[in-house]
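Working notes for the structure below.
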Amino acid sequence: VDESFGGEYKITNLGLSYMVDMKLQQDFLYAVLDDNDILVHAPEDISDVEENPEFERITWRVLESNYDMLKYTDIREHRGIFNVFEDYNNVRKDAKITDYNDKSEDYDTYGDIAFERENTDDTDKGYETWYNANTLSENVLTGYSDYYAKLQSKGTKVYFSYGPANLDGKFMPPKGLRLAYAEKVSTYIVSVPIISDMENYLYNGKYFWDTNYHLSTEGAEMRTEQLIKDIKLQMTREGNNA
């Protein structure tokens, strides 16, 4: 992405687990994004996203490196925050002591995984992929749209795309149901352009390595090339010759 745009932008890949409270992620982003920033939001399947999700242990693992991040959110808007913190500490006290830099070599300066992930085979890799329009909450989608509008009101440009998923996942629905999912997304996310066709981000199982959402190195390259095309096409529509 950096090379494709001639080094004009400072690129960051902020890929977090879907179990990290989305409201928390939104509050953090709102605190740091500003005028002239561009957010390309490409969430994984959100048909099971809750309107008011409960904190997970992994959220406290993220916060452990900087508890001050909590100042950017209203903790009254999150469920189970202290109960989960107690649960996390009960597990943490028996965990092996490690250094924060232990895993740093696994990622590059953009936030991308830096080690090679080999292609595998056309099979299910674990984690359910639903893309079920029937369980996709209208309130969640409207909440996303309202949040994007809030970001744009402070000068941040927002593009909506899709995260990759395994077509060979055992819960992947047929194309008709997937199209209904994408249609529902376009019906309720109205504040920003949806720059991508979801079907272009679904790949066969050989391009995934450890879950139905985590691409192999070749798969990641294919997905990135598609995303660059989508971003540039949208910029052209807006009169910005990228």
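The values are calculated or read from the model by the stated rules, or taken from the named source; none is laboratory data. Being a predicted model, the structure only gives us computed values, none of them experimental. Every residue, glycine as well, gets a Cβ built from its backbone with ideal geometry; the counts of neighbours run over all protein chains shown. The area values use the complete protein model at the heavy-atom level, side chains included, leaving out ligands, DNA and RNA. Shrake-Rupley method; radii C 1.70, N 1.55, O 1.52, S 1.80 Å.
Which cross-chain or sequence-distant (5 or more) residues have an amide H under 5 Å from the amide H of Tyr107, H modelled 1.01 Å from N in plane?
Amide H neighbours of Tyr107, under 5 Å, 5+ apart: Ala114.
Would you work out if region 126-241 is rounded, prolate or oblate? Take a ≥ b ≥ c from the square roots of the eigenvalues of the alpha-carbon gyration tensor; rounded if a/c is under 1.5, else prolate when a/b is larger than b/c, oblate otherwise.
In terms of gyration-tensor shape, oblate.
So for the pair Lys170, Asn13, with labels modelled 7 Å out along Cα→Cβ, what separation do we get in nm?
Roughly 2.9 nm, to one decimal.
Is the shape of region 1-157 rounded, prolate or oblate, going by the alpha carbon gyration tensor and its root eigenvalues a ≥ b ≥ c, with a/c under 1.5 for rounded and a/b larger than b/c for prolate?
In terms of gyration-tensor shape, rounded.
When the label point is put 7 Å from the Cα of Lys229 along its Cα-to-beta-carbon vector, which residues of region 5-41 have a backbone N closer than 18 Å?
Output list for this probe position: 5.
List the residues whose amide H sits under 5 Å from the amide H of Val158, counting only those 5 or more places along or on another chain, with H placed 1.01 Å from N in the peptide plane.
Counting only residues 5 or more places away or on other chains, the set is Leu39.
Would you list which lysines come within 25 Å of Lys23, measuring only between C-alpha atoms, while excluding same-chain residues fewer than 8 positions from it?
Lys10, Lys71, Lys150, Lys154, Lys157, Lys184
Counting only protein heavy atoms and using a 1.4 Å probe, what share of the accessible area of the chain belongs to carbon plus sulfur, as a whole percent?
Looking at the chain in its full context, I get 47 percent from C and S.
Full extension from Glu50 to Asn36: what is 0.36 nm times the residue separation minus their Cα-Cα distance, to one decimal in nm?
Gain on stretching Glu50 to Asn36: 2.0 nm.
How large is the convex hull of the Cα atoms of region 56-127 per residue, expressed in Å³ as a whole number?
Spread over its residues, the Cα hull of region 56-127 gives 179 Å³ apiece.
What residues from region 32-53 fall in the zone where the backbone N is under 17 Å from a label point 7 Å along the Cα-to-C-beta line of Phe5?
Label zone hits: 32-43.
Enumerate the calculated ³J(HN,Hα) couplings along region 55-60 in order (Karplus 6.51 cos²θ - 1.76 cosθ + 1.60, θ = phi - 60°), each rounded to whole Hz, writing x wherever the residue is Gly or Pro.
With the stated coefficients, region 55-60 comes to 4, 10, 3, 5, 5, 5 Hz.
Using the heavy atoms of the protein chains alone and a 1.4 angstrom probe, what is the accessible area of the chain per residue in square angstrom?
Per-residue accessible area for the chain comes out at 59 Å².
If one computes the Cα centroid of region 158-173 and of region 69-145, what distance in Å separates the two points?
Distance between centres, Cα-based: 17 Å.
Keeping all protein chains in the complex and leaving out DNA, RNA and ligands, what accessible area do you get for Glu138 with a 1.4 Å probe, in Å² to the nearest 10?
Number for this one is 90 Å².
Just to verify a number: what accessible area does Met235 come out at with the full protein assembly present, 1.4 Å probe, Å² rounded to tens?
Near enough 10 Å² of accessible area.
By a straight-distance test (C-alpha under 19 Å), which lysines pair with Lys125 as possible cross-link partners, with residues fewer than eight away in the same chain excluded?
Within the straight-line cut-off, Lys125 pairs with Lys170, Lys206.
Could you tell me the accessible area of Asp34 in Å² (1.4 Å probe, neighbours in place), rounded to the nearest ten?
About 80 Å², ignoring ligands and nucleic acids.
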